[in-house]
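Remarks on the structure that follows.
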Amino acid sequence: MLDVKSETTTGGAASGILVERNVDVPTRDGSRLKADVLRPDADGRFPALLNLGPYQKDKVWIPPENLEEKPNPLMNWETINPEWWIPRGYASVRIDARGTGKSPGRTEPWSLQESLDYYDAIEWAAAQPWCNGKVGLIGISYFAINQWFVANHQPPSLACIVPWEGFADLYRDALFHGGILNQFMTNWFVTHLCHHLIGRAYRDNPDTFTADTLWRWVRNNLDSGTFAGEQAQWDKITLPLFSVGNWSGMGLHLRGNTEAFLRAASKQKKLRMHSGTHVHPFYTEQGRQEQLRFLDHWLKGIDNGVMDEPPVRLFIRHGNGEGVWRDEQEWPLARTRWTKMHLDLSAPKAGAPVNSGGLIADNPAETASRTYFASGASKGGSSSASSTFLASGAMQAGMGISLDSAPLAQDTEITGPVAATLWVSSTTEDMDLFLTIRDIDQDGNDVWEVGQQGQQVPVAKGWLRVSHRELDPELTKPWRPYHRHQRRLYLAPGEVVKVEVEIWPTSMVFRKGHRIRLDIQPRDGVGSVHYTHYHADYNTGTNTIYSGGDKESFLLLPEIPPK
């Protein structure tokens, strides 16, 4: 590790901002992290807004051209813009996590060690002569995620948090969707390993990223307790929080933000759900004003009425990026009409695809079934267990089943958590279920939304490896099954079992004449690019879905009646 000296600068384009670079932040074990402190170049004591993570405080971010905030040399990926926040009376502290950027040590993303370092940094910042003793956390993605984990420890100077699009459970939300490995996470880790060992950061920290993080993640494919430090402990999160999620974040962050509002012990909490890309909403004028009012209230004691307003703000999607904002009093919505759409697996009509079926109001009187191949179309050995090699994860002929409702008689709003109950069997000892909800217009085309990475995405997705079907009865709700993921209940060939699948929350107004489509597949379906999964090698036989009679299979939708 090279010796990194601190420096202080002022003026320039950021006149009125004092910039202290490479400041030492001591931790309880004697290590020192490196931080940049950006604060008003004026007398006074200011609340501190902190970030700690691996994205390198010195790494210049070139924002998208259509970002509402104009680029400047002080902007850093997924953090606040100092040129907007510091004139409003805040200090910004950006800290390179242990073993990343200019901080020495060995990095382990989201680890218990990192959350303890964060605790120490919070208390260090609060004690500085320029700070008013109050610290808030705000940031996107990584800088949202570890807010949950440090809040588990209840640092006394941490006054509030604003986790903007951040998962809260490393196992369920990020690594293993329904028990199935999410390859975005392994790809993300390798990317940042390369940033540090091939990029410029190598010059300051050439021996970092030596922990067996990938092995630890993949080896611990049951929720055995290994990741306890990387999971929000909701009973311990009691501070004021503003949880902000993205309906389009169905492959990573979405679930953490809704679970937080539902389960955190805090009595002072707000939920906002928007749509679109991962970074644009954070930097909008509307987004910044909502952040500012919350932080002004809790860090400066300003009585601006923000906590007297409805606690839930939802962007109700209408398709193709359109929608309207609506305030609500709770989550899920108290007026939800929980609506079952039963699977109709009777013989397809003449001319219909062999893998097609229907979604109907009533449970069919007789049991019917539909069988499909568990293996994908690709026969390449290297791709037989991964959707990464399937172009865009596209639905292929015979790959699972696809069920449509009748054309809707009126505009129908679906807003809230979604679940599916299915009866299934396989010729092998396990099976993967990938569920996709789609909005199909009168011409048979998908109505797409804009995903986190700017890609086209459908309405909602859910996943389950059938051997992980065991539920936690204390946490399971009819509309949100909660799986233990602590043991594998393998199938006997042909054994028929009931499973409940969690489909991540959503909001969509399906227009009159549109159809609701449910795909059930053994692999990633449409709209999965960037968030594909690993499929174990038992997916070589056939899978069967049953419905009707004593095997009631249905999609449970949160229908919202008009006010």
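The values are calculated or read from the model by the stated rules, or taken from the named source; none is laboratory data. Keep in mind it's a predicted model, so treat the numbers as computed, not measured. No Cβ is skipped: glycine too gets one built from the backbone with ideal geometry, and neighbour counts run over all protein chains shown. Side chains included, ligands, DNA and RNA excluded: accessible areas come from the protein's heavy atoms. Shrake-Rupley method; radii C 1.70, N 1.55, O 1.52, S 1.80 Å.
Brief remarks follow.
- The chain: angle of helix 254-263 to the longest principal axis, Cα-based, in degrees nearest 10: 80 degrees
- Cα-based shape type of segment 16-85, given that a ≥ b ≥ c are square roots of the gyration tensor eigenvalues and the cut on a/c is 1.5: oblate
- C-alpha long axis of helix 285-300 to longest principal axis of the chain, angle in °: 60 degrees
- Counting protein heavy atoms only, the chain has 51 percent of its accessible area on carbon and sulfur, 1.4 angstrom probe.
- Annotation: per residue accessible area for the chain equals 38 Å², rounded to a whole number [probe 1.4 Å, protein chains only].
- Positive-end residue, the chain charge dipole about Cα centroid, Cβ charges, pick of LEU518, ASN81, GLY101: GLY101
- Assuming charge only on the beta carbon of Lys and Arg (+1) and of Asp and Glu (-1), the dipole of segment 3-126 about its Cα centre is about 140 debye to the nearest 20.
- Lysines whose Cα lies under 29 Å from that of LYS70, excluding same-chain neighbours fewer than 8 positions away: LYS34, LYS57, LYS59, LYS102, LYS134, LYS270, LYS300
- ³J(HN,Hα), Karplus 6.51/-1.76/1.60, whole Hz, each residue of segment 122-139, x for Gly, Pro: 4, 5, 4, 4, 4, 8, 6, x, 8, 9, 7, x, 10, 10, x, 10, 8, x
- In the calculated pair-distance distribution of segment 172-289, the portion above 20 angstrom amounts to 58 percent of the Cα-Cα pairs.
- Cα long-axis angle, helix 142-151 against the chain (0 to 90 degrees, to the nearest 10): 80 degrees
- Using the rule -39500 (n - 2.57) for each DSSP H run of four or more residues, divided by the residues of the chain, the 222 nm mean residue ellipticity is -4000 deg cm²/dmol.
- Part-to-part distance (alpha-carbon centres) for segment 316-378 and segment 145-175, which is given in Å: 33 Å
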